[in-house]
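Notes to accompany the following structure.
The values are calculated or read from the model by the stated rules, or taken from the named source; none is laboratory data. Only a predicted model underlies this, so the values are computations on that prediction, with no experimental measurement involved. Reconstructed Cβ throughout: ideal geometry from the backbone, glycine too, with neighbour counts over all protein chains shown.
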Amino acid sequence: MPLSGVVFDFDGLILDTETPEYLAWCQVFAEHGVTLEIEEWAKCVGGGNPPWRVDDHLASLASGTDLRAAKIRAHEIRDSHLVSLNLQPGVVELLELLEDMKIPFGIASSSRSLWVDGFLQNFGMRDRFDVVRTWDMVGAKKPDPRLYLSACEGMGINPASALAFEDSPNGILAGKRAGMQVVAVPNSVTERFDLSQADYRFSSLLEADRAFFEKLLK
């Protein structure tokens, strides 16, 4: 079935908000004398089912922790890095290519709409996406497929002919459960995860070139 549209994850793919978040919590854990293992953090990247909470994990390792203060501290560290973030390599080029090839594209994110829309507006990109679906709009996080199914429905395309771009195991599973093909493009955190369920894997979005999409359009 020829390609009819593309749906992107957001965090870690369009903008690498995941690395600052992970590193911030690593610092908070260290300040409490414990370690946040990457294997534990992987449970929440891209969504997670059942939900895994990093503050609950901290409490299990360091009893008596003031979780409210820990969360404020982590967010302060994270936000100090978020202000200087740039789009991931290849984002601009890929969107321009899809527009040139007249392939519609949208976003399906396990984050809140305020978070996703805020960043997109800051980069002047919100109007470029045909559809944006977030967990508070759909009522589910990945690996539940509803985010992808809702995005495809909003774009008027069949998930079976759509392509998802993801950076995490939870996101890949959501795309596959929706019946889509999935491209894995890991970031500095998720490159350590098992992304083998994806149909394709690129080191950056720059690898998704015209030749790649032309094959999928046939």
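For region 72-105, enumerate the residues that are outside any loop (DSSP other than H, G, I, E, B), of a type in the set (Lys, Arg) and at pLDDT 95 or above.
Restricting attention to region 72-105, the residues satisfying the condition of being outside any loop (DSSP other than H, G, I, E, B) are 72-82, 87, 91-100, 105.
If we keep only those that are of a type in the set (Lys, Arg) as well, we get 73, 78.
Of everything in region 72-105, just one residue is outside any loop (DSSP other than H, G, I, E, B), of a type in the set (Lys, Arg) and at pLDDT 95 or above, namely ARG73.
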- Task: Test ARG68 against the stated conditions and say whether it is assigned to a helix (DSSP H, G or I) and buried (at least 16 other Cβ atoms within 10 Å of the Cβ).
- Result: no
- From LEU23, LEU58, grab the single residue that is surrounded by fewer than 18 Cβ atoms within 10 Å (Cβ to Cβ), over 23 Å from TYR148 (Cα atoms) and out of contact with any strand residue (DSSP E or B) (no Cβ under 9 Å at 6 or more places or on another chain). LEU23
- Which of the residues spanning region 174-201 are part of a loop (DSSP other than H, G, I, E, B) and either surrounded by 14 or more Cβ atoms within 10 Å (Cβ to Cβ) or among the acidic types (Asp, Glu) (or both)? ALA178, GLY179, MET180, VAL185, PRO186, ASN187, VAL189, PHE193, ASP194, LEU195, ALA198, ASP199
- Task: Mind listing just one residue for me: the one in region 96-118 that is within 13 Å of PHE10 (Cβ to Cβ) and out of contact with any Asp or Glu (no Cβ under 9 Å at 6 or more places or on another chain) and, of those, surrounded by the most Cβ atoms within 10 Å (Cβ to Cβ)?
- Result: ASP117
- Message: All but one of (1) surrounded by fewer than 17 Cβ atoms within 10 Å (Cβ to Cβ); (2) assigned to a loop (DSSP other than H, G, I, E, B) hold for LYS43; state the number of the condition that does not hold.
- Response: (1)
